[in-house]
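Working notes, structure below.
Just so it is clear, none of the values below were taken in a lab; they were calculated from the coordinates. Only a predicted model underlies this, so the values are computations on that prediction, with no experimental measurement involved. Every residue, glycine among them, receives a Cβ derived from its backbone with ideal geometry; neighbour counts consider all protein chains shown.
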Amino acid sequence: MYHLLYPLRTFLIVSGKEEANVMTADWLTVISHRPFIVGVAISPKRYTHKLIKECNEFVIAVPTLEMLDAVWIAGTKSGVDKIRKMKITFIDSRTIETKSIKEAVANLECKVIDEKDYGDHTFFVGEVIDYTYNREAFESGMPKVGINFLAHIAMNKFVTFEKEIHMP
Ligand SMILES: Cc1cc2nc3c(=O)[nH]c(=O)nc-3n(C[C@H](O)[C@H](O)[C@H](O)COP(=O)(O)O)c2cc1C
C-alpha cells in the first residue's frame, strides 16, 4: 500500500567511481537543511547498492520529462550495460569522483555519512557536499513549473506538474 503516498518525485542515482551506473529512485527525501543532508532507500538487490557501499558516494541527478526514456531504462534494467541505451552524457562532478549527468537539470554530489537497513531496503544518508544546476530550470534556486519535473504514480505511469498556486 505504499502507493497511497504517491505521486512521488522520481530521481536518478549515479554510483561507481570507475564505471558509472545509474538507477531510478522514488524513495528519496531531504533530512536536513544545514548541513544539507538527504536519504535514499535502496534495495540490496540493486547493483547501485553494491557500488554505493564500495565508494561511499553517489550523485542524485534530477531528470525532466525529456529524460523519461532514460529514467525508464535505469529503473527497469540492472547494471552498466543499460547506460549506452539511456543516451545520456556523463560529465565530471565538481567535488566527488562519481559522475554527474549532463542532461539532468541538477546534480547533487553526496558523501555517505550513515546507512542502516530497514526491512527490505537500506537507507543511505548522504551529505550534499556540492551541486550544479541548470539556471533555466531553477530561478533563484527554486524550480520553475514549466520545466516538466517528473513524478511517479505507479508501474509505468508518470506525471508532470502544470499548475503553480501562490498563497496570499
Ligand atoms: C520509477 C521507479 C522508481 C524506483 N525507485 C526505487 C527506489 O526508490 N529504490 C530502489 O531500491 N529501487 C527503485 N526502483 C528500482 C530500480 O531503479 C531498479 O531495480 C534498477 O533496475 C536498479 O538498477 P541497478 O541494479 O543497475 O542498480 C525504481 C524503479 C522505477 C522504475
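What tally of residues in the range 81-105 results from selecting those that are within 14 Å of the ligand (Cβ to nearest atom) and touching a Phe, Trp or Tyr at 6+ places or on another chain (Cβ under 7 Å)? Break it down stepwise before answering.
Narrowing the range 81-105 to residues within 14 Å of the ligand (Cβ to nearest atom): 81-86, 88, 98.
Now drop any that are not touching a Phe, Trp or Tyr at 6+ places or on another chain (Cβ under 7 Å), which leaves 98.
Of the residues in that region, 1 qualify.
I need a count of the residues in the range 49-80 that are among the small types (Gly, Ala, Ser) and away from the ligand (no atom under 12 Å from the Cβ).
Our first condition is that a residue be among the small types (Gly, Ala, Ser); within the range 49-80, this holds for 61, 70, 74-75, 78-79.
Then drop every residue that is not away from the ligand (no atom under 12 Å from the Cβ), which leaves 61.
Qualifying residue count, the range 49-80: 1.
Take the residues in the range 110-157 that are within 14 Å of the ligand (Cβ to nearest atom) and among the charged types (D, E, K, R), then tell me which one is farthest from MET1 (Cα to Cα).
In this case the residue turns out to be GLU115.
Restricting to the range 57-76, what's the tally of residues that are surrounded by fewer than 17 Cβ atoms within 10 Å (Cβ to Cβ) and in contact with a Leu (Cβ under 9 Å, 6 or more places away or on another chain)?
Total meeting the criteria: 2.
Out of the residues in the range 77-113 that are acidic (Asp, Glu) and either touching a residue at least 40 places away in the same chain (Cβ under 8 Å) or under 28 Å from PHE138 (Cβ atoms) (or both), state the one that is surrounded by the fewest Cβ atoms within 10 Å (Cβ to Cβ).
Once the filter is applied, the top-ranked residue is ASP92.
Based on what the data block shows, is THR24 among the polar types (S, T, N, Q), loosely packed, with under 14 Cβ neighbours inside 10 Å and part of a strand (DSSP E or B)?
In short, no.
Scan the range 3-10 and tell me whether some residue there is within 14 Å of the chain's Cα centre (by Cα) and under 18 Å from ASP130 (Cα atoms).
no
Out of (1) within 11 Å of the ligand (Cβ to nearest atom); (2) assigned to a loop (DSSP other than H, G, I, E, B); (3) surrounded by 12 or more Cβ atoms within 10 Å (Cβ to Cβ), the odd one out for LYS17 is which?
Result: LYS17 passes all but (1).
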